[in-house]
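The values are calculated or read from the model by the stated rules, or taken from the named source; none is laboratory data. Just so it is clear, the structure is predicted and the values come from calculations on it, not from any experiment. Counting neighbours? That spans all protein chains shown, and the Cβs are built from the backbone with ideal geometry, glycine included.
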Amino acid sequence: MRGRMAEGSFELSQRLAGHEVRKIHKGGDFVVQKRDLFGRKIGKPKTYEVKTGDSQLSDAQKRKKRQLKRSYKVVRY
């Protein structure tokens, strides 16, 4: 339940910042693409994993993190 609330909070904060947020199912929670004032894409999309407390990454999430390197972020709530 805390995880779902954290994901909802993260998604809301990213949307309020004007970013495009897409939910994914394997290796992460969201793909976030920054957009400028006119709706044009800025930079590369990043994959975000939302975690609560001291929970660990799953095997699939660790593989995805190794694969994407800098474009994979873990956010803790």
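Mind listing whichever residues of the stretch 27-41 are in contact with a helix residue (DSSP H, G or I) (Cβ under 6 Å, 6 or more places away or on another chain) and assigned to a strand (DSSP E or B)?
Once the filter is applied, which keeps residues that are in contact with a helix residue (DSSP H, G or I) (Cβ under 6 Å, 6 or more places away or on another chain) and assigned to a strand (DSSP E or B), the stretch 27-41 yields only Val32.
Mind counting the residues in the stretch 54-77 that are in contact with a strand residue (DSSP E or B) (Cβ under 8 Å, 6 or more places away or on another chain) and not in a helix (DSSP H, G or I)? Before the answer, list the steps.
We begin by selecting, within the stretch 54-77, every residue in contact with a strand residue (DSSP E or B) (Cβ under 8 Å, 6 or more places away or on another chain); these are 57, 61, 64-65, 68, 71-77.
Subset that is not in a helix (DSSP H, G or I): 57, 72-77.
Here the count works out to 7.
Only one residue in Phe38, Phe30 is of a type in the set (A, V, I, L, M, F, W, C) and surrounded by 15 or more Cβ atoms within 10 Å (Cβ to Cβ), so which one is that?
Working: Phe38 fails: surrounded by 15 or more Cβ atoms within 10 Å (Cβ to Cβ).
Matching residue, one of Phe38, Phe30: Phe30.
For the stretch 12-45, enumerate the residues that are closer than 18 Å to Arg70 by Cα and among the polar types (S, T, N, Q).
If the condition is that a residue be closer than 18 Å to Arg70 by Cα and among the polar types (S, T, N, Q), then Gln33 is the only one that fits.
Per-residue answers, yes or no, for (1) modelled with pLDDT under 95; (2) in a loop (DSSP other than H, G, I, E, B):
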residue: Gln14; (1), (2): no, no
residue: Gly18; (1), (2): yes, yes
residue: His25; (1), (2): yes, yes
residue: Gly43; (1), (2): yes, no
residue: Lys46; (1), (2): no, no
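Regarding the stretch 35-54, can at least one residue be identified that is among the aromatic types (Phe, Trp, Tyr), closer than 18 Å to Glu11 by Cβ and without any contact (Cβ under 8 Å) to a residue 24 or more places away in the chain? Show your work before the answer.
So the first thing to find is which residues in the stretch 35-54 are among the aromatic types (Phe, Trp, Tyr), and the list is 38, 48.
Subset that is closer than 18 Å to Glu11 by Cβ: 48.
Keeping just the survivors that are without any contact (Cβ under 8 Å) to a residue 24 or more places away in the chain gives none.
No - not one qualifying residue is present in the stretch 35-54.
Filter the stretch 25-63 down to the residues that are among the aliphatic types (A, V, I, L, M) and closer than 19 Å to Met5 by Cβ and list them by number. Before the answer, list the steps.
Step one: of the stretch 25-63, the residues among the aliphatic types (A, V, I, L, M) are 31-32, 37, 42, 50, 57, 60.
Listed by number, the residues that qualify are Val32, Val50.
If Ser58 satisfies every condition in (1) closer than 19 Å to Arg22 by Cα; (2) modelled with pLDDT under 95 but one, which is the exception?
Going through (1) closer than 19 Å to Arg22 by Cα; (2) modelled with pLDDT under 95 one by one, Ser58 breaks only (1).
What are the pairs, 6+ residues apart or on separate chains, where a residue within the stretch 6-23 that is closer than 16 Å to Leu37 by Cα has its Cβ under 8 Å from a residue that is loosely packed, with under 13 Cβ neighbours inside 10 Å and among the aliphatic types (A, V, I, L, M)?
Close Cβ pairs satisfying both conditions: Gly18/Leu37.
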